[in-house]
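These notes are about the structure you will find just below.
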Amino acid sequence: MFLQLLLCFPGHCTMLADNINNFTKKKFNTEHFAVLKKGDLSKDPTETLLLIYEFEARAKINDSTLEHVLEAVLELQHLEPKTLETIASLAMEPPAHFPSVCKKALKNAWLLHRKCSLIDGVKCSKCLHSLIQLTLPSGTLGIEPRILEEVWSYYEEGLFVIDSVHDYPEVEILWLMTRAWNTGILLYSVGRYMEAERWCGLGMRFLKHLGSLQSSYESQLEIPEPSSVFLFCQPWKMSLSQPPAFLKVSLLQRIRITLVFKE
């Protein structure tokens, strides 16, 4: 009820926030006030903070107009990826559950990360992880082709970022590889063999980007042509009695190890 009351009087809330801001201004850092003194209000975080608070309030009461607040955030000048990632988190924080709004915020955050003049591999990895996890949850059966294509595009963009930076976390590269493999396994289990081959091949493209873990995974295969290998991961325990055409028979006789990849 209190949150609904606040939303009914946004003007009063803004005035109150300004008064609080003036009262506590000496607690703000010197740099912030130096910026305001020069008249550069574009970097003043007040409007951003107010929109975030409004978004959180509307999310908590499951307000159907929540996306309108996101649209207002997207129109902010000097919008930072962190702001959109905060919005995405609030959209899925119980009792709120707005996956479409969360996804829209993450997609725009991912775009902003890649537009940065100096790309931060660590921040990019977290955003990409969340975006893929939301779009393609683990173990989902009956994956629509359009969803696979969308996630595939995120993987391609992720590979480009990994090639461009030196600080992309190895554990996140391993996660991307594992998720691609597990997607292939899932597709294989429902008879979608061509798509399974494609996703397994995508997973192999991340292998060369692993650092200390690369030799470990390669040694487990013990096969000279890794592109022909199909890994089997939990929870699927499948037989090789009827392999798809893309698995070479000569190699099938040599595969004896079941690799378990945990996401």
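If you take the residues in segment 67-81 that are assigned to a helix (DSSP H, G or I) and touching a residue at least 12 places away in the same chain (Cβ under 8 Å), which one is nearest to Val122 (Cα to Cα)? Please lay out each step first, then the result.
Taking segment 67-81 first, the residues assigned to a helix (DSSP H, G or I) are 67-74, 81.
Applying the additional criterion that residues be touching a residue at least 12 places away in the same chain (Cβ under 8 Å) yields 67, 69-70, 72-74, 81.
Working: Glu67: 28, Val69: 28, Leu70: 25, Ala72: 27, Val73: 24, Leu74: 23, Pro81: 13 Å.
Taking the candidates together, the pick is Pro81.
Checked against (1) modelled with pLDDT of 95 or more; (2) open to solvent by 30 Å² or more (accessible area, probe 1.4 Å); (3) hydroxyl-bearing (Ser, Thr, Tyr), Thr83 passes all but condition (2). Within this structure, His113 fails the test of being out of contact with any Ser or Thr (no Cβ under 7 Å at 6 or more places or on another chain), part of a loop (DSSP other than H, G, I, E, B) and within 28 Å of Glu54 (Cα to Cα).
From the set of residues in segment 125-143 that are open to solvent by less than 20 Å² (accessible area, probe 1.4 Å) and outside any helix (DSSP H, G or I), which is modelled with the lowest pLDDT?
Of the residues in segment 125-143, the ones open to solvent by less than 20 Å² (accessible area, probe 1.4 Å) are 125, 127-128, 131-132, 135-136, 143.
Filter again for outside any helix (DSSP H, G or I), leaving 136, 143.
Working: Leu136: 90, Ile143: 86.
Checked segment 125-143; the qualifying residue modelled with the lowest pLDDT is Ile143.
Here are some residues: Arg146, Arg205. Which one is open to solvent by 20 Å² or more (accessible area, probe 1.4 Å), out of contact with any strand residue (DSSP E or B) (no Cβ under 6 Å at 6 or more places or on another chain), part of a helix (DSSP H, G or I) and without any contact (Cβ under 8 Å) to a residue 12 or more places away in the chain? Give the derivation first.
Details: Arg205 fails: without any contact (Cβ under 8 Å) to a residue 12 or more places away in the chain.
None of the others qualify; the one that does is Arg146.
Identify, from the list Leu231, Leu210, the residue that is open to solvent by less than 20 Å² (accessible area, probe 1.4 Å), at pLDDT below 50 and not in a helix (DSSP H, G or I).
Numbers: Leu210 fails: at pLDDT below 50.
On inspection, the qualifying residue turns out to be Leu231.
Is it the case that segment 178-186 has a residue that's in a helix (DSSP H, G or I), among the aromatic types (Phe, Trp, Tyr) and over 25 Å from Val69 (Cβ atoms)?
Residues of segment 178-186 that are in a helix (DSSP H, G or I), as a first pass: 178-186.
Right, trim to among the aromatic types (Phe, Trp, Tyr) and you get 181.
Narrowing further to those that are over 25 Å from Val69 (Cβ atoms): 181.
There is at least one residue in segment 178-186 that is in a helix (DSSP H, G or I), among the aromatic types (Phe, Trp, Tyr) and over 25 Å from Val69 (Cβ atoms).
Return a yes/no flag: does segment 96-107 have any residue that is assigned to a loop (DSSP other than H, G, I, E, B), open to solvent by 70 Å² or more (accessible area, probe 1.4 Å) and not aliphatic (A, V, I, L, M). Yes, there is a match, as at least one residue in segment 96-107 is assigned to a loop (DSSP other than H, G, I, E, B), open to solvent by 70 Å² or more (accessible area, probe 1.4 Å) and not aliphatic (A, V, I, L, M). A single member of Ala105, Ala109, Ala96, Ala91 is among the small types (Gly, Ala, Ser) and modelled with pLDDT under 95, and it is Ala96.
The values are calculated or read from the model by the stated rules, or taken from the named source; none is laboratory data. Everything numeric in this text was worked out from a predicted model, so none of it was measured. As a convention, Cβ positions derive from the backbone with ideal geometry for all residues, glycine included, and neighbour counts pool all protein chains shown. Ligands, DNA and RNA are stripped out before the accessible areas are found, and what is left, the full protein with its side chains, is counted by its heavy atoms. Shrake-Rupley method; radii C 1.70, N 1.55, O 1.52, S 1.80 Å.
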